[in-house]
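Beneath this line is the structure, given in structure tokens, with notes to follow.
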Amino acid sequence: MKRRSLLLALPALAPALSFGAGYPSKPITWVVPFPPGGITDTTSRTLAKRVSELLGQPIVVENRAGAGGSLGTESVLRAPADGYTVLYGTQGTMAANLALYKGLKYDPLKDFVPVQALFASPTVLAVEASKPYKTVAELVKFAKDNPGKLNYGSAGPGTATHLTGELFQTETGTQMLHVPYKGSAPALQDLLGGRLDLMFDYTAILGPHIRQGKLRPLAVMSRDKVEMLQGVPTIVEAGFPGAVSTAWSGIMMPAGTPQDVVARFADAVRTALVEPAISGPFVQAGSIPMPDVRHASFRDFISAEQKKWAEVVKKSGATLS
């Protein structure tokens with residue numbers, strides 16, 4: 001009787017057990033919920049090309065921007081849970097947006113499966129080179145002596161470049177005016193032109209202008225030094241360890257995607273991440289690969305980030321304006 005019951009159950013189990021055996025057998029869509037041309041797009045296209053080679057199937061990168069990344073994220077939520085649509089998740093879409101957007105139509109850890117973390121990317125606090133403050137301490141003193149006089153630009157409301165500024169103000173006891181832009185490029189132009197006092201942005205964005213002497217970096221907003229800015233103090237060394245702010249990215253799939261499919265894609269992404277030819281240029285630009293943060297550990301990481309940024313939004317009163 002038991003043997004017959006087991007034999008009858010085998011056909012029902014077979015599809016679940018073999019789902020990933022032939023995966024992938026067709027092209028995969030890699031959704032970037034931000035506009036083309038930025039760091040999220042560049043990272044995605046570089047990795048997708050290599051992962052495509054490893055898996056033996058084309059990967060099409062699609063930019064679906066809007067609402068701080070929420071629109072593109074929601075589109076993946078509606079995709080079949082079969083491994084053929086993957087999402088480039090970020091600190092914003094998977095953590096901070098929960099506290100910033102009312103009526104968010106997805107829950108990052110209920111509606112998605114964390115697959116593989118990609119890079120951690122610390123932001124840099126930089127000012128235009130002619131500004132008088134040469135250290136974080138000097139900047140904080142000026143800001144405290146002149147509440148609301150300094151302004152800082154960001155790539156948009158709710159982005160890491162915005163929330164890092166809010167965290168900085170909370171931890172330093174300062175008050176500055178937030179000026180949101182539609183992307184880092186226009187904000188950077190106003191910083192270089194002297195219309196902004198400072199920015200918190202990535203080394204990939206600010207680095208070329210720092211090397212040219214047009215911008216002065218005051219601190220890297222991380223615990224550890226970054227390769228291209230070894231002479232710049234970390235925000236911890238500057239005396240404000242609570243202001244550490246590192247943006248991050250990772251691959252997500254719709255909830256319900258078979259585990260063997262998730263594992264197959266994760267393994268390919270991890271392989272690409274540890275290849276110097278792939279990760280090297282990003283490391284040189286200040287990013288830190290996260291090859292060992294995957295599956296359960298990636299889930300725990302996202303959960304901790306959600307709590308952190310919810311507290312930042314609560315303390316700072318940050319809004320989408």
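The values are calculated or read from the model by the stated rules, or taken from the named source; none is laboratory data. Source: prediction; values computed, not measured. Counting neighbours? That spans all protein chains shown, and the Cβs are built from the backbone with ideal geometry, glycine included. Calculation scope for accessible area: heavy atoms of the full protein, side chains included, ligands and nucleic acids excluded. Shrake-Rupley method; radii C 1.70, N 1.55, O 1.52, S 1.80 Å.
Here are the numbers:
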item	result
Relative contact order computed over the chain (Cα-Cα under 8 Å; 6+ residues apart), in percent	26 percent
Solvent-accessible area, 1.4 Å probe, carbon plus sulfur percent, for the chain	57 percent
Within a Gaussian network of the chain (alpha carbon springs, distance under 10 Å), most fluctuating of LEU54, LEU167, LEU206	LEU54
Kirkwood Rh and Cα Rg combined as Rg/Rh, the stretch 134-268	1.06
Selection from PRO289, ALA96, GLY148, by position along the positive dipole direction of the chain (Cβ)	ALA96
Calculated over the chain: convex hull of Cα atoms, volume per residue (Å³)	136 Å³
Relative contact order of the stretch 58-204, pairs being alpha-carbon contacts under 8 Å that are 6 or more residues apart, as %	25 percent
Extension gain from ARG195 to ARG45, taking 0.36 nm per residue of separation minus the Cα-Cα distance	50.7 nm
Among ALA304, ALA263, ALA129, residue whose mean-square fluctuation peaks in a GNM of the chain (springs only between Cα atoms under 10 Å)	ALA304
Vicinal HN-Hα couplings computed from phi for the stretch 225-235 (Karplus, 6.51 cos²θ - 1.76 cosθ + 1.60; Hz; Gly/Pro x)	5, 10, 4, 7, 10, 4, x, 9, x, 6, 5
For the chain, size of Cβ-based charge dipole, Lys and Arg +1, Asp and Glu -1, in debye	460 debye
Accessible surface, the chain, averaged per residue in Å² (probe 1.4 Å)	44 Å²
Cα centroid separation, the stretch 216-247 to the stretch 68-105 (Å)	29 Å
Ranking by accessible area, most exposed first, for ARG64, ARG216 with a 1.4 Å probe	ARG64, ARG216
